[in-house]
Structure formats: structure tokens, C-alpha cells
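The values are calculated or read from the model by the stated rules, or taken from the named source; none is laboratory data. As the structure is a computational prediction, the values presented were derived from the model and not from experiment. Glycine also receives a Cβ, built like all others from the backbone with ideal geometry; neighbour counts cover every protein chain displayed. Just so you know, the surface numbers come from the protein's heavy atoms only, side chains and all, with ligands and any DNA or RNA stripped out. Shrake-Rupley method; radii C 1.70, N 1.55, O 1.52, S 1.80 Å.
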Amino acid sequence: MDKKPSSWISHIEAFVDSSRPPKQQAANVDAIAALVKNDLLTLEALVRDMELYLTTSDHSIRARGILLLAEILNCLMSKPLDGASISSLVEFFTSKLADWQVLRGALIGCLALLRRKKNVGMVKSSEARAVAESYLMNVQVQSLAVHDRKLCFEVLQCLLEVYPEAVEMLGDDLVYGICEAIDEEKDPRCLMLTFHLVEILARVFPDSSGSVASFAGDLFDILSRYFPIYFTHPRSDDLDITREELSMALMHAFCSTPFFEPFAIPLLLEKLSSSLPLAKLDSLKYLNNCIQHYGTDRMIKHAKAIWSNLKDVILNHSPHKTLFSTSELAGNMESEENQIAKEALICLQTAILHLDSLEKNPILSFIVEDEDIEMKFGLVSNEGTGTGISIESRRQLSAVGNILSVSSKASMSGCTRVFQKFFPRLMNILEISASSSSNGCNTNNGTSSLNFGALYLCIQLLASFRELILTSQDFSPQVITVQDGWWCMLQHFSGPLAHALGSALMGARSSELVNNNTGHEHAIYEVKGLQVLATFPGCYLPTSEDVYEYILVIFMSIATERFEDAFLWKLSVKALIEIGSFIEKYHDSYRGISFNRIVVERIVSLFQQDDSTMPLALKLDAISEIGTIGVDYMSRVIKLLEEAILSKFLAVCVEGRLEAAEILVPLLECYSNRVLLWCYTSGNFDEVAMQFALCIWNQMESITIFDKDAKIQDLFDRMMTTMKLLVGGCAEENQSLIVRKAYSVLLSTSFLSEESLPFSSSKLEGLQVTPDFVNLSWRDEWIVSLFASVVIALLPQTPLPDVKLLLNVLTTFLLKGHLPAAQALASMVNKWHVNIDKSEVPNAYTLDEAIEMILERSLLSVQSSSNLGKSDLLNKDERMLSCLCLLNNNSSFQSNAVVGLAWIGKGLLMRGHEKVKEIAMLLLQYLLSNPYKELHSDASGSGDSLDVHTSLATSAADAFHVILSDSEVCLNKNFHAMIRPLYKQRFFSSMMPVLLSSIKQSCSSSMRVALYRAFAHVISDAPLAAVVAEAKKILPSLMDSLAMLSEDVLNKDLIYSLLLVLSGILMDDNGKEAIIENINTVISDLIRLIFYPHMMLVRETAIQCLVAMSALPHARIYPMRPQVLRAVSKALDDRKRVVRQEAVRCRQAWVSMA
Amino acid sequence: MTLGLINANPVVHAKKERVARAEDSHADNAVDPLDVFDSVRDIRDPEHPYSLEQLSVLSEESITVDEKLGCIQITFTPTVQYCSMATVIGLCLRVKLMQCFPPHCKVDINVTPGSHADEESGEDRTCPTSETILVDSLGAYRASSTG
């Protein structure tokens, strides 16, 4: 109370003044609440000082005063208060409920007090009852505004949830009051609350003699008016309530008490036959829930009605397409129609499960005895074999199939009844006779296919039966022996059935399968049937051992002989994998043995033979699929593949048989894409990868000869990718093993071996090797490349042996134009350890030293080759000078050096190292040097010096692309690069001013082209958001570069990416302003690009940009209209359809603008 | 003007599925009948809320294109013989094609021989009221195609 009282009094005055803006009033509330919270002001004092406001006879001031007190209490929810003050406050607010002018404040106050938790002092139960009584007596909810109604419902909800025993005593009064309050409610926000109110109300009065039971009819009458929820509010609305949420809330209210049953079930069943799909869907969902909540006793009498209604829905709404079940159709299956069918089946399943009393399941009996089902069954199961199954009968077929499978899936007894009734008849139609001998099948119609309808139903039944056995927890054989009758039947039939399916599958001619869908359908179900028969769990297997083997043999013979029919082949391989995974999952060692013998061994031997009948791709498919069954299988596959790869590798690289490369490439592909991926997910990657990488390096030692050949190049790229993947996935210690091995092989290269002078380690110090001094064999280049790919994929913490030598070697290769070496160097500098302890490793470089060394080598070696030798170039200016000197000679190392610099720059940029600026400046120097000046001063300059310069400038410009673009090959997440966030933005914002000012100053056109090229790379590779933010500054140059670069065909991709940047700017509000400022140039440039001859995408995008521009302010674009229309109507004649269509759109947009 | 509709109960046909063309990135795409059809199939009939395609006034087969001469020929079939809207339909087609194809294309629009009582008069005849209908129909098309 030391505080001057006036300070908070002013807050009260400000709040009570209703003319102030709401934000300020909220601030006042917060200010006072903060005072109370920090004990600078007691609640008592506050109330005492506010007395006048709380009791005045001026309604508006009283209302504001009470509201203020209530809002303050709302802010003090977590502040402990003593019981006395809570009591007096509750009493106050309770009495104020009668004062309708201040009702809002009273409601908020009550709510704030009722919501208090026990640990901070809560309202007593008797007080809560007083609140409820006063509320019921005084508040007329229906006549209030939305916001107040919502508060009322919240008060009720709070009372019911927190003080159930207090309000329960009010009994009928309460229920009646709530009925009155929620009647005719329309606002969705309030409806969510009222639905919830009914739900908790039912919980408060669970007794059959309770108030809810006596008011059930009235309550349900109020609720039922909302069903089905019809709600068409736009989604963007701030209400933030969807139809689904409302519907869910109403559903919970419906199911809240079984007393609703006599009213709800007839309503739901009636709405089930509504023609509105939404009403159907909702009724099904509600019904499903009600069956579960109302209890069997109440529901059993509705069983017949439920069944007949569900039957109608299922029969009329079953999708006809599911029969295909091929993948391309599965995508768009979620139509309303299908949802209805799905919900109906779920509901049927619930009904079967729940409506089960006294060992007698009424629904099941209805299903089995139903005449409709009987009739449809007779109809569809005889549906012919040919192509002519109408859509309607497909629908019926899937409906009957679904009903049968749901009812047999539900319980063992259901399964028994359905099975006994239908299975023998299906067998009859399929002309399969029961017999105990496995050979007793009828194969009299070997070529004719099976009756599709019966086949489909039969497979559905079997599949659901199998599922039932799998899901039922007890795998004890007693279950079976009880129902011996039908089990015997299944056992008798399964053998012949398998044979019939098998022979049908083998009999189908492949042309038939290729040509029509019915063939495919047949095959799908025949394969599925066999697969189901082979995957019954353990002791439940209905087939004998030889039938099981017969099934495997059938699949295998398709897999090995019928590979020209891709569809069937895939199906059966998939089925085999399923069977294998099943065995693996249930540890069925007995069947596993025969699976191994028949399937795995066969595929393995197939793979090992070099017969050319089966394509290699399929063999690889099959074998890698087999591997996915389990770890044991995969390790076998890995061994096989590795052996094959190494032997082919030997053949290619040692014996020089180049044709083997064609086999080796897909082998490597399969290995890295599938096997390694699997190992990665299953967790044994490290071991496998390390072993294999070491194996490859062992082989590398022995390779001898190489010719340059396209095939070999292809193979080698593959090898490098594989090596990167292998190394990249390994842990640190395995990586260092591989590196050491690789390093030892590297030392054996001819240029590093003892007799070769320049690199021998004793002379390495201070030695500067000119790149063309070393003549490399192909072998050496291979080894260096492979070594580079190891380095690229290393983790930052993995140690490298002899860094100095490596830097030297890689730099040399870089200068020879060896890209992997440049990338490896970039990876090295990117992952370089910053804090190396010099005392521990005296020979180690720091990162700065390493970069210095690389830069010097790159520049110096070039220099020495041009006989301008300088011994040391330690300061920056001199280096710049030497860089300029480079321009004078036409050594091919220059552009190599530029590419190398670009990669190293990228590595540095990504880790956020300062040196990248130096490199960028060097590159800029290349761009800016003027060849003409040099030509004049140097009389001996030959004619092609100019060409060399332009090509050098171009590669310097392209270097910016390298620096900013993402690379698949190195310096990415997979290869453990250090990536600082926002590095592109940083580079963009530091380079842009420099580039822009250089462009402004540049005088010669060739120099400007190069600068624009660099500029174009930078803005198209930088993140769009960064570019758009700078739109005003860069737009003029962007347009200039579009104009400049469009002269050369080679720049077409660059033009396209520039256009994409432009369209990004067009989509942004700030960007639009920039565009409007330059509207003339933008439009005329775009018009020129409409006729860009080299690339369709450029023309299309240019027109799209024009379309977007038609939405700019009318006054600014209207003058361009004739110009645009003229150009676009010419584009109507474009060679490409897409462009023409865009042109029509564009013309439409600009014509209708006036 | 006539009171009531000329053809109160037209036969409505299903829309044909739109094929996404497999674009060959290298070859040129010449204008073909499907192009023309695609641009006019959604024109709304002056009388009914159906498109010309749905009323089978037009089909892909009734369109011929001569790329060399730059000539597009459309033959349409009014739904009834005494269709006074034939002129309007013709005008709709002409305006739509003018919008969608380059100015040098010659567009010929005819009714199918024997399908209309007043075949000679052709589509060049206009009356003031039909222009407003025309604007309506095209406007509706535009709204549906852009929105």
C-alpha cells in the first residue's frame, strides 16, 4: 500500500470509460491484475475502493465496474486467495446474476471463480449450488447475445464438470433449465458447448430413475433437430470449427446415455435411407457408436432392422473397382460412395460383435438366412469367366464378398456358419471335388479359366478366415477340433483348390494376360488364393506339406519362366516374398526349410548362372526382394552380390574384358540402391559397408590396364557413387580403416612411388610440381578419383593420414582438370578441424595454412609454367597481380584452377569461413580484367588470347553457380558437410553490391556479358526470399542481363532460371512495386522473350509473367496494352501447344482488362 | 421474341474425358481438331445450362483443320430443326475461335446438312438480341474457365 493509490485508481477510471479503445482497456486490466498479483494491492482494498463503481445506480458504469472486477479475477486464476474473500466474491457475483444489466460481468466473475483449482482456494460446493440456483432462476439464456450465451454454457459446463455432486441435488430443475437454455441454439461455437453439456449431463445423472431418464425424450428432441449436421460455413472463417468437429460432438451427445435409445435408433435408421450421402455417412458413424454405447440388451431388439438397413446400403453402395486392387486405382478410392460402403461394413462388424446374446447371434443368422444374399450369391457366383462382367454385377460381387468376409472375420462362430453354408457351394461351382489325395483334382479343363465370381468369393472367405485365426490370440489347436466339420471340409478341399488355382494360373496364356484386364483380375485372385493357402499359421495349415511345396513350385516356375509377362511375374514374386516374410515372422522353421530349398536356392543358382534367357534386371529384382525377407536372407544376398561384383570387376579391370562392364553397372546400382538402403534401415550397415569397401580397395591394388572408353567411364562413375555411399554411411572408426587402406593404395600409384622423383615424400617440402610435369596413367587417375570419393564422404572427425601429401596431390590433380580432386579438396577444407593442437601434431596444418597452400599452388604452378616464376606470394596484392598475369598466357590450367577455386570457395562458404571472400574477389578479378588492354600493351599477344580470356571469364562466372548451387555429388548432408544456416543469403548479400557496382563501371561488352552471367547465377541460385527483398535494386540489372544473355543459345537454361526469379518477384508485394517502376523495360523484355526460339519453357514462362502482370494497377499497364496484345496474338501461332494455350489465357486477361 | 424455350427438353450427353496430351519435347505440335474442340467444347448453350459438347452440338469429328492453308472448319448440329439459336451458336463459335487462334486463320462455320430448316441463311445473320445472349454465354464460359 506504499504505492500511491491514485495510480491504479486512474486505471479503473480509464476502464470504466467505455469510449476508450479495447486494447487500452485490456492494458488497464493487466496493470491492476499485476499489482494484485505482486501483493502491492490487496483484493480487499481494491473492492473497497471500487465500491462506488460496483453499486452505483448508473447501469453502464456499474456494468463496467463489475466487468473490471471479473476480468481481474480472471487474471488471478493462479493466485492463492483465502476462503473468506472467495466466499464473499462468489456471493456477490451470484447475487448479481439477477441484475440483467451487469450480467456479462457477473457471468465472467462466476466463471473465473468456479474454474479455480483446489490448491489456490476454490469455491465451496454449497456456494456452487447457490450459483446454479441463482442462474436457473434468473438467467434467460435464449434471449442473450452470442457471446453471453457462450459464457452461460461455459458456466453450466464448469458446474457440471467440477461440482457434479452439488448440482445433482437440483435434479429436474437443472435438467429442465438446461433443456430450456440449449433449445433452438444456432451458433456453431455455442453448439459445440451445448452438445458437450448434454454429454456431461448424462454422466451426472446415470440412474434409470434419474432426471435425465425422465427428460430423455425432450433432450433428444432438441438434439435430433441438428442431425445430420448441415454446416456450410466457409473454411477461412475465424470460427475455426469444422463440420466434422460439430458432427463428432453431436455424436458423443447421442451416445451419452442409453436412455436415448428408443428415440435415436429409429431416427438413425430412417436417415440411413436418406438420399443425401452425407446423411448416410453420418448415420452409419452414429449407429456404429450407439451400438457400442447403448448395450446389447437395449439394441438386440433392433437387430433385424439394423441388418436390413445395412444390407441395403452395402448392396447399393459397394464400389465396383476394388476388384482390380491394382495400385493405380487404389489412389483415388476415397470417394463418398466408397466411404459409405466402408462405414457400413464397419458398422456391420460392430453389430455382429456386440449384438450377441445367449450364444445366439441374431445378425449372423439374418445374414446366413437372408434371401437377398442368397439370391445375389447365386447370381454373382455364377458370373461368367469372360470379359463381360457388368459394372452392376461387379458391385454386387464386391458387396456380397464384403458382407461374407466381415461376418466370418467377426468371430469363430460366425466364420463357422458362413463357411458351412457357402464354401461347399463355391467349390461346387468351381468344379473342385473334395478328396484326400492331393492328385485328385480335376484338371479336365486345364485351359479354361475358373469362374470369376466364385473365385473371388472363395478367396475372400479364405483370406478372412486366415485373418481371424491370426488375430485370435490363442493359437491352441482346441479351437479347431471343436468345429471339426468345416475344418475337415477345408482340409479336404484345400489341396484340390490349390491345384485348380495353380493350373489355371499356369494355363492362362500370357497374351491373354497382357491384353485384357479380366486376365489380370483372374491372376490377382489366383495368386492371392495360393498365397493365402500357404500362409495359414503353424498348426492351422489346412494343406498338406506337398500342396504347400506345390504352391511354391508354381510361383517359382512363373518367376523363372514367365518373366516376359511383367504383371504376373511381379505378382508371383511378391507372393513369394509374402510367404517368406510370413515364415520369418512366425519362426516356422519346418516350412522355412522347404522355402529355402525350393525358392531361395533356385533363385540363387539362377543368379549365378550366366544364362541370358532371363534379363539381368529381373534377376536383380528377384534377388534383392528375397533379401528383404530377413537378415539371414539379406546377408546371403549381400555375399552373392559382392562376389559377383568383385569377379566382374576383376574381369573388367584386370583381364580387360570391357563387355563385363555392362553387367557390373546394374550390379553396382542394385547393390547401392537396394541392398545398402535396406542395411541402412535395418541397422547393420557399418559392418557390411566397411567390408565391401575394403574389398574394392584390395582389388584396386591389382588393377592394371585401362583404356578410355565410354563404358568404362560409366562404370567408374558408378563405382565412385557406390564408394561414397559406402563410406558416407560408416561410423568414424570404420571410415578411418577404409581411409588408411585407400591411402596405402594411393601410395602405390606410379607418380608417388619411390622412383618417381617429384612426389617422393622426402622432396615434397617446398617442391612445386607443375601439373603437366606428371604424366598420369589411367590407373593412377582411377585410384585418385576413388580416393577422392572416399575423402568426400568422410565424417569431419575422421582423421586423414599425411594431410600435406594429400593436399599436394589433390591440388595437382585439380590443376589437371580432375573434378573429383577439386571436390575432395573442398570437402577437406569444409570439414577441417579448427582446433588442432599444434604441440600434439607438429606437422599439422591449420585451416588457414592449408588454404594458403592451395591458393598459392593453384596460382603459382600456373605461373611457373608460363615462366614468370616468383618464389613466394605471401601478400594479397601480389597474388592479385599473379592472377592478372595468368590472363596473358593461354594455358589450359587457368580454367581448371578457376573451377577448383570455385569448389574450394563453396566448401569454405558452407562452413562460414572468411577466406571465401578472398576467393570471390579472385574470381571477380578474372571477370574484370580487360583483355584489350593487355593486347595493346603486349604486342606479341596472339589472336586467340581473346578467346582464352572470354572462356576464362565464362568459367569464372560459372564458378558462382558452383558456389551457390546444391550438389548431389559432395558437400551435402549425406556426406556430412558442415553447413551453416543461411550461407547462401550471406553470400548473396555480400556479393550483390560488388557485382552491381562492377556492372555499372564495366566498359567493354564482353566483360559485361561475363559479369551479367555471374550476376544471373548469383540471383537464380540464391533463395528467392532474399532476392525478392532486394527486388528494387536488382531489377534493372536483371532485365539487362535477360536482354544480354538471350543473344547466346547456350544461355537458355540461365534465361529460364532468371525468368523464374522474375516471376517470383512478380508474386511479391514489394516486388510488384519494383516491377511497376520499371514497367516499360519489363514488358518489352518479356515480349521479346515470347519469341525466344531456343526453349519452349522460356516462351511459356514469359507469357505467364505477362498474365500475372495484367493484375497490376490499371493505369500503369494500360499504355502497354496494344503492344502486349499484338505480341501475344502472334504467339497464338506458336509451334508448341502449351505456349498457344498460355497465349490464349494471356490475351484473354489483357483484353478483358479494359 | 418467342415465349418459352425452343427446345425445352434437350438430350444431354456425357462429357468426354479430357486427355492430357503426352507432350513431345522436341517435335512441334501442329493445330489439330482436338485443339479446336478443346477451345469450344465448354461454350454454354444459349438456352440451357449445358455446354455444346453435352448437347452434342459439336464433336471432335465435326472439326477439320488444314494446317497448311491455315483453315479451320467446324460443322455443328443444332438440337432441333427450327432452332433459332443456330445463329447465336455460330457467332459464339466464331468469336471464341477468333480469340484462340491467330488472326490469319480462316474459320468456316457451317451447320450439318439437313439438320436445320434454314440452312442458307448461315451464321452471318445477326439480330440485336442475340448479341446480348452471345455476350452472356461467352461471359459464363470465361468465368467458368478462369475461376
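Multiplying each eigenvalue of the alpha-carbon gyration tensor of the range A:1-116 by 5 and taking the square root yields semi-axes of 19, 18, 13 Å, largest first, rounded to whole angstroms. Measuring spread by the Cα atoms of the range A:160-256 yields a radius of gyration and Dmax of 14.0, 46 Å. Shielding value for A:1133-1141 is 5, the average number of Cβ atoms from other chains within 10 Å of each residue's Cβ.
Between B:GLN99 and A:SER605, the C-beta separation translates, for a Förster distance of 51 Å, into a calculated FRET efficiency of about 0.15. Inter-part distance, the range A:999-1068 to the range A:29-57, computed on C-alpha centroids, equals 64 Å.
Take each residue of peptide B:97-107, count the partner chain Cβ atoms within 10 Å of its Cβ, and average: the result is 3. Spin-label model, A:ASN673 to A:MET1067: label points 7 Å out along the Cα-to-beta-carbon direction sit 3.1 nm apart.
Backbone phi angles across the range A:179-184, fed through the Karplus curve with coefficients 6.51, -1.76 and 1.60 (θ = phi - 60°), yield HN-Hα couplings of 3, 5, 5, 8, 4, 6 Hz in residue order; Gly and Pro are listed as x.
Total buried accessible area between A and B, probe 1.4 Å, nearest 100: 1300 Å².
In this simple spin-label approximation, A:GLU1077 and A:SER702 carry label points 7 Å from Cα along the Cα→Cβ vector, and these lie 7.0 nm apart. Reported value for the range B:33-111: 77 Å³ per residue, from the convex hull of its C-alpha atoms.
Stokes-Einstein, applied to the Kirkwood radius of the range A:1055-1154 over Cα pairs at a viscosity of 0.890 mPa s and 25 °C, places its translational diffusion at 185 µm² s⁻¹.
Here the Karplus relation 6.51 cos²θ - 1.76 cosθ + 1.60, evaluated at θ = phi - 60°, turns the backbone of the range A:1014-1030 into coupling constants of 4, 4, 4, 4, 4, 6, 7, 8, 6, x, 4, 4, 5, 5, 4, 4, 9 Hz, with x for every Gly and Pro. For A:ALA1111 and A:SER682, a Förster radius of 51 Å and the Cβ-Cβ distance give a FRET efficiency of 0.45, rounded to the nearest 0.05. Estimated from the Cβ-Cβ distance and a Förster radius of 60 angstrom, the FRET efficiency linking A:HIS59 and A:SER274 is about 0.75.
When each of the peptides A:32-43, A:721-732, A:1075-1086 is scored by the mean number of other C-beta atoms lying within 10 Å of its residues, the order from highest to lowest reads A:721-732, A:1075-1086, A:32-43. Remark: mean inter-chain Cβ contacts per residue of A:1143-1152 equal 2, using a 10 Å Cβ-Cβ cutoff to other protein chain atoms.
Less than 5 angstrom separates the built amide H of B:ILE109 from those of B:ILE74, all sequence-distant by 5 or more or on a different chain.
Ligands, DNA and RNA are left out, and with a 1.4 angstrom probe the accessible area of the range A:609-691 is 45 Å² per residue.
In this simple spin-label model, placing a label point 7 Å from the Cα along the Cα-to-Cβ direction at both A:CYS695 and B:TYR82 gives a separation of 8.9 nm. The solvent-accessible area of A:TYR176, taken with every protein chain present and a 1.4 Å probe, is close to 120 Å².
Packing around the peptides A:1142-1148, A:52-58, taken as the average count of other Cβ atoms within 10 Å per residue, puts them in this order, highest first: A:1142-1148, A:52-58.
Taking amide H as placed 1.01 Å from N in the peptide plane, B:CYS71 has its amide H under 5 Å from the amide H of B:ASP66, B:LYS106, each at least 5 places away in sequence or on another chain.
3J(HN,Hα) along the range A:675-689, derived from phi through the Karplus expression 6.51 cos²θ - 1.76 cosθ + 1.60 where θ = phi - 60°, amounts to 5, 5, 4, 4, 4, 4, 6, 8, x, 9, 4, 3, 4, 4, 5 Hz, with x in place of Gly and Pro.
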